[in-house]
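Below: one structure, written as structure tokens.
The values are calculated or read from the model by the stated rules, or taken from the named source; none is laboratory data. Everything numeric in this text was worked out from a predicted model, so none of it was measured. Glycine also receives a Cβ, built like all others from the backbone with ideal geometry; neighbour counts cover every protein chain displayed. Just so you know, the surface numbers come from the protein's heavy atoms only, side chains and all, with ligands and any DNA or RNA stripped out. Shrake-Rupley method; radii C 1.70, N 1.55, O 1.52, S 1.80 Å.
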Amino acid sequence: MEARVERASAGMQRTWKARAPMDPKAAPVENPASHAEHCRLMMDMIATAFQTDTTRVSTFMFGNAVSNVSFRFLEGVSAGHHDVSHHSNDADKLRQYQIINRWHVEQYAYLLQKLDSMREGDSTVLNNSMVVFASALSDGNSHNPHKLPIVLGGRGGGRIRSGQHLQYTDDSPLANLYVSMLDVFGAPVPRFGDSTGPLAGLVRS
């Protein structure tokens, strides 16, 4: 709060400067009505914030888990994500569930590609970042929180051993990933949440 008060003080000298040009005229004029456009805008904002060093920490949730946003903009889909996630093994719902999930992965890939296209010194913004793509459930139909598939993009400045598929024991705490990431981030902690330690094979010493 003290820092916010200082920043708001009249006549305070501001020393921060964006590392890349930012055009105020390119700012969106309103919240997009389209879910697809809204998500793409958020991805672009995250990438620009990282590139300009406005922030290097961001979180984004595609939508409230029970919002039931319509995905009719995707060919072959006639319902919302929450509805088809409760598929009861119905073949058509499973088909639509797959299409929506693929779309979510494509948005993640878009963000990674955008970060990879941004030069940062002799590397890229992506190489100097860690971008987690995850879900709270492995199966919406049964609300199963076990065996979650987690994707970690970026190399954390070279500390992350990328390009590999790691499989851990059942019910390994997801917080173990966060412990590893905090170490890479330069803020090591002995534990976080229900963690039992860092993930083996993920981080270069």
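Output the residues belonging to the range 29-55 that are touching a residue at least 12 places away in the same chain (Cβ under 8 Å), within 22 Å of Gln113 (Cα to Cα), out of contact with any helix residue (DSSP H, G or I) (no Cβ under 6 Å at 6 or more places or on another chain) and not aromatic (Phe, Trp, Tyr).
Those that are touching a residue at least 12 places away in the same chain (Cβ under 8 Å), within 22 Å of Gln113 (Cα to Cα), out of contact with any helix residue (DSSP H, G or I) (no Cβ under 6 Å at 6 or more places or on another chain) and not aromatic (Phe, Trp, Tyr): His35, Ala36, Arg40, Leu41, Met42, Asp44, Ile46, Thr48, Gln51, Thr52, Asp53, Thr54.
In the set (1) surrounded by 12 or more Cβ atoms within 10 Å (Cβ to Cβ); (2) at pLDDT 90 or above, the condition left unmet by Ser88 is number (1).
Residue pairs whose Cβ atoms lie under 7 Å apart, separated by 6 or more positions or on different chains, with the first residue in the range 182-205 and over 20 Å from Asn128 (Cβ atoms) and open to solvent by less than 60 Å² (accessible area, probe 1.4 Å) and the second basic (Lys, Arg) and in a loop (DSSP other than H, G, I, E, B), are Gly201/Arg161.
Considering (1) open to solvent by 40 Å² or more (accessible area, probe 1.4 Å); (2) part of a helix (DSSP H, G or I); (3) free of Cβ contacts under 8 Å to residues at least 60 places away in the same chain, the lone condition that Asn128 does not fulfil carries the number (2).
Summed over the range 148-205, residues that are in contact with a helix residue (DSSP H, G or I) (Cβ under 6 Å, 6 or more places away or on another chain) and of a type in the set (D, E, K, R) total 2. Among the residues making up the range 151-165, those that are surrounded by 12 or more Cβ atoms within 10 Å (Cβ to Cβ) and either of a type in the set (A, V, I, L, M, F, W, C) or in a loop (DSSP other than H, G, I, E, B) (or both) are Val151, Leu152, Gly154, Arg155, Arg159, Ile160, Arg161, Ser162. The residues in the range 57-101 that are within 22 Å of Val132 (Cβ to Cβ) and acidic (Asp, Glu) can be counted, and the count is 0.
Return yes when Arg102 is basic (Lys, Arg), closer than 21 Å to Arg40 by Cα and either open to solvent by 60 Å² or more (accessible area, probe 1.4 Å) or in contact with an Asp or Glu (Cβ under 6 Å, 6 or more places away or on another chain) (or both) and no when it is not. Taking the combined requirement at face value, the residue satisfies it. The residue that is modelled with the highest pLDDT, among those in the range 131-147 that are more than 20 Å from Arg56 (Cα to Cα) and surrounded by 14 or more Cβ atoms within 10 Å (Cβ to Cβ), is Ser135.
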